[in-house]
Amino acid sequence: MAHSQVSAAGKVLTSAIDNLVRIAGIEVKYHANVGQGDLTLDGIKKQGFEAVFVGKGTPAPRVLNFGRDDVPGQDLSGLCTGRTFFMR
């Protein structure tokens, strides 16, 4: 992909996220290391959040894993890749 295409895609993604934040009243935290320190999925649930989007930053869908272990729940109903999520 050419640089201008990547830049344009980034602007579209940023605009989509900004609109979700504004319209749906969601909170977005960039560069958060879930699973490290005090930021755990259980902790996020206890804070009252109903959903978590994990953006791994790969150009193609991949299985999420920590170390050698796959993250459980990747086959749950309603789960989709980031690209699919933003294209809907």
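One table, with the values for the structure above:
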| read-out | value |
| --- | --- |
| Residue list for the range 17-36, restricted to those being acidic (Asp, Glu) and either under 14 Å from residue 51 (Cβ atoms) or surrounded by fewer than 10 Cβ atoms within 10 Å (Cβ to Cβ) (or both) | 27 |
| Residues that are β-branched (Val, Ile, Thr) and not in a loop (DSSP other than H, G, I, E, B), drawn from the range 8-34 | 12, 14, 17, 21, 23 |
| Inter-residue pairs, beta-carbon under 8 Å, first basic (Lys, Arg) and in the range 72-83, second in a loop (DSSP other than H, G, I, E, B), 6+ apart | 83/61 |
| Test result for residue 28, touching a strand residue (DSSP E or B) at 6+ places or on another chain (Cβ under 6 Å), at pLDDT 75 or above and not hydroxyl-bearing (Ser, Thr, Tyr) | no |
| Top-ranked residue of the range 38-52 - restricted to ones that are assigned to a loop (DSSP other than H, G, I, E, B) and of a type outside the set (S, T, N, Q), ranked as nearest to residue 28 (Cα to Cα) | 52 |
| Top-ranked residue in the range 71-82 [being surrounded by 12 or more Cβ atoms within 10 Å (Cβ to Cβ) and of a type outside the set (S, T, N, Q); ranked as modelled with the lowest pLDDT] | 82 |
| Breaking point among (1) in a loop (DSSP other than H, G, I, E, B); (2) closer than 19 Å to residue 84 by Cα; (3) at pLDDT 75 or above, for residue 60 | (3) |
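The values are calculated or read from the model by the stated rules, or taken from the named source; none is laboratory data. Note that this is a predicted model, so its numbers are computed, not measured. Using ideal geometry, Cβ is built from the backbone for each residue, glycine included, and neighbour counts are taken over all protein chains shown.
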